[in-house]
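Below is one structure, written out as structure tokens; comments come after it.
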Amino acid sequence: MAAAALCDGDVKMVIWDLDGTLWRGTLDEADADDDLADGSLAPLIRLLAQRGIVSSVCSFNDEERACAALQRLGVWELIVFPAISFDSAFSKPAAIRATLSAAGLSPANALFCDDEPRHRAAAAAALPGLLTCAPSLLPPESALRRCGSADPGCSRLQKYRLLEARRRAEAAAVSQAGAGDAAAQRFLDSCEVVVRLRPLRGASDEDLDRLVALTQRTNRLNYTRRRRGWYWELLERDTDLLAPDRAGGGRGGGLESFTWKVYVSDRFGEHGLAGLVAVRRGALRHFLFSCRLLGLHVEDA
């Protein structure tokens, strides 16, 4: 069942329809805030955010009224990359595709929740791998409390907010200067990207948990695709990935073996621990970065 993937760790984003899904009926039928909140699934958005799963919205609706309703429900600040429009040309599959592209996610890492079977079918057909489900088939709240990983401060959501701000700035820059490689490079230069490398040895349990999650969840910027090996290397401590570098303590210098944690920031904020680079005996073991860094060319630094 697609909804079960929420509890299996594959889903990074839930994309919600509004009328008939996040709340009962339509906005036109809601006479008061109490009507809107009655039976609403909005509390699940906060719960998921605290488990490291972000939420977006894709709805054929009046944008201003829908945003106001989400604010009244107390979840507007928990939504990233919303797609809400009453335009007759609005297409849910196209809007979901744009949302996933902006977020740097593949369809297999998203779940689209909509009460209309035709919308679910159209989205699944247009985006192979996209998970879909009716709101009535979502796992119970008790199960959702165990999905993902604990993130009480919603730190993953905040990082997607940084990405959202960068995407908005990029769109504004393109509208002013036009598309093209030169304009893209100027925008990238304006982002003031800073990449910091730190030795893995002495890493905290929190850092190791984050790196394990990266190796398991990152696809588009995972250039070696080593997964299970890294997990067991950490758990069993049966390799020298955490050992001191063999040929000294500096970057470069002909080192045959080294392991670096990668931290990234730009003018929009701190992306935190967002990558791993490991070489052992001259062989590349791990070279991966968070998908939120797509477009920053950290891998070329």
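Remarks
- The set of residues in region 109-122 being of a type outside the set (Phe, Trp, Tyr), open to solvent by less than 50 Å² (accessible area, probe 1.4 Å) and touching a residue at least 40 places away in the same chain (Cβ under 8 Å) consists of Asn109, Ala110, Leu111, Cys113, Asp114, His119.
- Condition met for Ala183 (touching a helix residue (DSSP H, G or I) at 6+ places or on another chain (Cβ under 9 Å) and surrounded by 15 or more Cβ atoms within 10 Å (Cβ to Cβ)): yes
- Top-ranked residue of region 163-180 - restricted to ones that are within 23 Å of Cys291 (Cβ to Cβ) and open to solvent by 40 Å² or more (accessible area, probe 1.4 Å), ranked as farthest from the chain's Cα centre (by Cα): Ala179
- Residue within region 42-51 that is open to solvent by 20 Å² or more (accessible area, probe 1.4 Å), more than 28 Å from Gly129 (Cα to Cα), touching a residue at least 12 places away in the same chain (Cβ under 8 Å) and within 23 Å of the chain's Cα centre (by Cα) present: no
- All positions within region 147-189 that are in a helix (DSSP H, G or I) and of a type in the set (S, T, N, Q): Ser155, Gln158, Ser175, Gln176, Gln185
- Exactly one residue among Ala89, Ala102, Ala125 is part of a helix (DSSP H, G or I), of a type outside the set (Ser, Thr, Tyr) and open to solvent by 30 Å² or more (accessible area, probe 1.4 Å), and that residue is Ala125.
- Selected residue [over 27 Å from Ala108 (Cβ atoms), of a type in the set (D, E, K, R), open to solvent by 50 Å² or more (accessible area, probe 1.4 Å) and modelled with pLDDT under 85] from Arg281, Arg267, Arg228: Arg281
- Residue match in region 192-199 (condition: loosely packed, with under 14 Cβ neighbours inside 10 Å, in contact with a Lys or Arg (Cβ under 6 Å, 6 or more places away or on another chain) and either among the β-branched types (Val, Ile, Thr) or not in a strand (DSSP E or B) (or both)): yes
- Some residue of region 58-80 being part of a loop (DSSP other than H, G, I, E, B), of a type outside the set (Lys, Arg), out of contact with any strand residue (DSSP E or B) (no Cβ under 8 Å at 6 or more places or on another chain) and touching a residue at least 60 places away in the same chain (Cβ under 8 Å): no
The values are calculated or read from the model by the stated rules, or taken from the named source; none is laboratory data. Just so you know, these numbers come straight off a predicted model, no measurement behind them. Here the Cβ is made from the backbone with ideal geometry for all residues, glycine too, and neighbour counts use every protein chain on show. Surface areas here come from the heavy atoms of the whole protein model, side chains and all, with no ligands, DNA or RNA. Shrake-Rupley method; radii C 1.70, N 1.55, O 1.52, S 1.80 Å.
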